[in-house]
Amino acid sequence: MPTGRERQPSLAQLRAFAAVAEHLHFRDAAATIGMSQPALSGAVSALEDALGVTLLERTTRKVLLSPAGERLAERAKAVLAEVGALMEEAQAVRAPFTGVLRLGVIPTVAPYLLPTVLNLVHGRYPDLDLQVHEEQTASLLDGLARGRLDLLLLAVPLGVPGVTELPLFDEDFVLVTPLGHPLGGREGIPREALKELDLLLLDEGHCLRDQALDICREVGRADVPVSTTAAGLATLVQLVAGGLGCTLLPRTAVEVETSRSDRLCTGCFAAPAPTRRIAFAMRTGSAREAEYEELAAALREALRPLPVRVLHGGG
């Protein structure tokens, strides 16, 4: 007869169950937590034995949560979140800027700011193990909430409870047109010109797409017909070079992306130009809050050579 101590579930078992509960698929769950599929299945079975309940309903085609599994899945996630907070607290106590920092970055920031971020971290914080994850905003926020990520670099405002923003800089949007377009190379373009343009956008899920649509709505353009989209800015700019339309680029992306083709022109908007704000985002009350604030201050200084308006700590 096993003792009460022997029947205590392990963290590995809880992680395995939480992953299966999220994905409802053993292969996907195993890949998410870096565990082999047989080991994952064994861990969930061991957890069922330890708890004395059936957590999953297994069929040949799919996995479903049992009624007990549905009730206990949230408990398992809460336990894992608390363990993650405990580890974070211990790491912060040991020494600042040591251990792992899992940084999430949106795709419309990563290629243009990461060189500055990486140079800063390698030069000033050599003992920090920086791990970078490029994902769209919704995925990043989910990762932050679940403890999969520690700090985010993305466009704000987010307006998400439990998330604190550390503003870094504002940057203007630039109009990118095909060669020969009447607005190409112009200064002082009125925002109202966006009403008549064939505007190319990123795929749904990119915050830059939403920002472009918001800018259009501000000038009274309620609808932007979407016949062609792109998964990234590099493709978007090539579509512009091919004459399919115009697009908006954040200033930090202009030099990199427009250098890919000699069939592009850029134009600047009249003041006040449409802008976006980039910030760090962290869990409110994070044990490493002081580190993240120091990192934000150091990054603001490192960003001054870029074509942005660096902000003070309060915005």
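Observations
- Of all the options ALA73, ALA50, ALA16, the one that moves most in a Gaussian network model of the chain with Cα springs shorter than 10 angstrom is ALA50.
- Share, in percent, of DSSP beta bridges within the range 95-315 that are antiparallel, nearest 5: 65 percent
- Built amide H within the under 5 Å cut-off of ILE189, gap 5+: CYS268, PHE269, ALA270
- Packing-based exposure ordering (other Cβ within 10 Å, fewest first) of MET35, MET87: MET87, MET35
- Spin-label model, SER227/LEU11: points 7 Å from Cα along the beta carbon direction are separated by 5.6 nm.
- Gain in span if fully extended, VAL310 to ALA68, counting 0.36 nm per residue against the direct Cα distance: 82.0 nm
- For the range 1-133, the antiparallel share of DSSP beta bridges with both residues in that region comes to about 35%.
- For LEU179, the residues 5 or more places off, or on other chains, whose built amide H falls under 5 Å of its own are LEU264, CYS265.
- Couplings 3J(HN,Hα) of the range 303-309, computed from phi: 7, 4, x, 7, x, 9, 10 Hz, in residue order, whole Hz [Karplus 6.51 cos²θ - 1.76 cosθ + 1.60, θ = phi - 60°; x for Gly and Pro].
- Against the chain, whose longest principal axis comes from its Cα atoms, helix 37-51 is set at around 50 degrees.
- Residue exposure sequence - LYS195, LYS62, LYS77 - by fewest surrounding Cβ within 10 Å: LYS62, LYS195, LYS77
- Over the chain: Kirkwood hydrodynamic radius from C-alpha pairwise inverse distances, Å: 22.3 Å
- Label-to-label distance, GLN131 versus GLU57, with points set 7 angstrom from Cα along the beta-carbon direction: 3.5 nm.
- Loop chymotrypsin sites (Phe, Trp or Tyr not before Pro), the range 249-315 (other Cβ atoms within 10 Å of the site Cβ: 16 or fewer; DSSP): none
Readers should treat all values here as calculations from the given coordinates under stated rules, not as data from a laboratory. All values derive from a computational prediction rather than experimental measurement. Counting neighbours? That spans all protein chains shown, and the Cβs are built from the backbone with ideal geometry, glycine included.
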